[in-house]
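The structure appears below as structure tokens.
The values are calculated or read from the model by the stated rules, or taken from the named source; none is laboratory data. On a predicted model such as this, the values are computed, not experimentally measured, just so you know. Here the Cβ is made from the backbone with ideal geometry for all residues, glycine too, and neighbour counts use every protein chain on show.
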Amino acid sequence: MTLHYQGDEDMETLDSKIIRYINVDTMADPNSSTTPSNPGIKTLAQMLLGELRGYSIIKQAGIYNSNGGYFVCAKIMPNQTSVNIPVIGFIAHMDTSYRYPGTPDPIIVNGIETLVNKYGIDIRKSAFTEQEFNEWLAKGVLVSNNPFTLLGVKDKAGIAEIMGLIEYLQENPSILHGQINICFTADAELGKSMRSIEKQGTVVQSTNSAGNLLWRDPSTGNTTIVHSSGLEPVTTLNGGFVDADLAYMVDAPGQTHVQYNNFNISEMEITFTGERVQGGFDEDAVINAIKNACVYVDKVVESNTALTVDSGNGYVFIKSLEGDYLKATLTISIRDLNYDNVVSMMDTLENTLQRMPFYIKDMITVKRTDLYNNVRSKIPYSVIDLAIKSNTDLYNRGCITIPISNGYAAAELTNKGIPTVSISCGGYNFYTYHDCIPLPALDNCRDVLVNIVKNSYTYDFNDDFVD
């Protein structure tokens, strides 16, 4: 089963690309102390670097590994200098979740009966038009034939679609565009992908006789005049991703998601200390740390149900409980669109703890940590609207814009000065061994990326990115 692009029969199909990437085990390892956490990520990175350097449209590509970060970065230089176009970045991550083994056997399946009965995959028909649903079943859905393994469509699909975008632009040079930055990151599933991205890269520059700054391809010696979004020559061209004006992470579920609003996320780490009296027979003389932690969790769940279920905005998530009767650590995640509500929920949790009959101040410690903050106010509307318009042009219907309630790498990048929005990669059932992607979704999501590039040429950015 293969897909073909209209008018581009020589281009590699996206199902071929994603299967090649899926066959490299890049499952993130939370217990690893190395960067990247899985050697397979390096294998995939080298594969992607070789493919990037095979495209003539790519003028710079490299692997950057320093300061705790690991990235494959590449640049496409502007093919026009008459219109102010911001530098647009496209991002995907090479690692897959550690929840299930990253050793799938990718296979294309046709027919709803086979999907449901053999693979336990339920794609809700009501979420799509009749034509879309029938097309998916006819052209096939990519699943894992190896039981209890993660296919890894998040985010091997995003990688395939970005590579498809590069190939499409190379085969269609009439599409006018500005500078485009590509970035494939590592260990996003461990929350590490964007922590040091601004420190990556090396300066490669020179000046011609007219005073224009040039980027020089180290492998060929060819030079290209480098412009910023305001069409003034930039002072440096970083090998990394730092010079992007805005970015899109291709890692959201479905086909029409445009996610720009994320929950504030904090964690409370509560450590219960136990005590055992040697030779004692009085049960009251024994403080059982893990038992008290469990009693507290039960109290939170029973008495504060508004805190443990999604109540419209925020909720509390019991994340982990580790230890024994002498020491137990409970981790609770608190999430809400409003940070004041997060603080209020943490106060409630701590007040509930202090009212527990076993509470002894010196025996219980509470540590609060803020992990993510809502960055909606830091993302210019034009970044969001360009993505929505590019989706609408293709699907002729509204986008799904629900807030992201879990860890959000785009928020970290936005806080570093590059406003970033997540858009769909076409996959479903993320983080389960039922994850899958309908083959037409690969083309559709790639076409959204193409539309973003096309629309950026005529889009009015309202001076958001023009000095």
### Task
Filter the stretch 308-344 for residues that are modelled with pLDDT of 90 or more and in contact with a Leu (Cβ under 7 Å, 6 or more places away or on another chain) and give the result.
Leu321, Ala328, Leu330, Ile332
### Task
For the stretch 82-108, enumerate the residues that are under 26 Å from Thr35 (Cβ atoms) and polar (S, T, N, Q).
Thr96, Ser97, Thr103
### Residue ID - modelled with the highest pLDDT, chosen from residues in the stretch 109-122 that are closer than 30 Å to Ile41 by Cα and crowded, with 16+ Cβ neighbours inside 10 Å
Val109
### Query
Could you give every pair whose Cβ atoms fall below 6 Å, whose first residue belongs to the stretch 77-94 and is under 21 Å from Ile41 (Cα atoms), and whose second residue is buried (at least 24 other Cβ atoms within 10 Å of the Cβ) and of a type in the set (Asp, Glu), counting only separations of at least 6 or pairs across chains?
Ala92/Asp155; His93/Asp155
### Query
For Asp347, are the conditions met, namely being surrounded by 14 or more Cβ atoms within 10 Å (Cβ to Cβ) and either over 32 Å from the mean Cα position of the chain (by Cα) or not small (Gly, Ala, Ser) (or both)?
no
#### Entry: Asp385 vs. criteria part of a strand (DSSP E or B) and acidic (Asp, Glu)
no
### Message
Report every pair of residues separated by at least 6 positions or lying on different chains whose Cβ atoms are under 8 Å apart, first residue within the stretch 384-402 and in the same structural domain as Asp447 (by TED's automatic domain parsing), second among the charged types (D, E, K, R) and crowded, with 20+ Cβ neighbours inside 10 Å.
### Response
Leu394/Asp447
### Task
Taking Asn444 as meeting all but one of (1) surrounded by 24 or more Cβ atoms within 10 Å (Cβ to Cβ); (2) closer than 15 Å to Ala387 by Cβ, write down the number of the exception.
(1)
### Message
Anything in the stretch 389-439 that is part of a loop (DSSP other than H, G, I, E, B) and closer than 17 Å to Ile452 by Cβ? List them, or say none.
### Response
Asn396, Cys399, Thr401, Ile418, Pro419, Cys425, Gly426
### Message
When you check Arg376 against the structure, is it under 18 Å from the mean Cα position of the chain (by Cα) and basic (Lys, Arg), yes or no?
### Response
yes
### Message
Quick check on my filter: what residues within the stretch 318-366 are closer than 20 Å to Asn406 by Cβ and either among the β-branched types (Val, Ile, Thr) or not assigned by TED's automatic domain parsing to the domain that holds Val297 (or both)?
### Response
Ile318, Thr331, Ile332, Ile334, Val342, Val343
### Summary
For the stretch 430-447, pairs from a residue that is at positive phi to a residue that is in a loop (DSSP other than H, G, I, E, B), with Cβ under 9 Å and 6 or more apart or across chains, are Tyr431/Ser97; Tyr431/Arg99; Tyr431/Tyr100; Tyr431/Leu150
### Task
Just one of (1) part of a helix (DSSP H, G or I); (2) at pLDDT below 90 trips up Lys42, so point out which.
(2)
### Message
Could you tell me how many of the residues in the stretch 142-192 are assigned to a helix (DSSP H, G or I) and of a type outside the set (Asp, Glu)?
### Response
17
## Note on the structure
Taking the stretch 361-373 and the residues there that are more than 18 Å from the chain's Cα centre (by Cα) and not in a helix (DSSP H, G or I), the one that is farthest from Tyr408 (Cα to Cα) would be Ile364
### Query
Inside the stretch 351-383, can you point out the residues that are in contact with a strand residue (DSSP E or B) (Cβ under 6 Å, 6 or more places away or on another chain) and of a type in the set (Val, Ile, Thr)?
Ile364, Thr365, Val366, Thr369, Val383
### Summary
Of the residues in the stretch 389-413, those that are of a type in the set (Ser, Thr, Tyr) and within 16 Å of the chain's Cα centre (by Cα) come to Thr401, Ser405, Tyr408
### Task
Kindly provide the set of residues from the stretch 44-95 that are surrounded by fewer than 21 Cβ atoms within 10 Å (Cβ to Cβ) and farther than 24 Å from Gly178 by Cβ, ordered by number.
Gln46, Met47, Gly50, Ile63, Asn65, Ser66, Asn67, Gly68
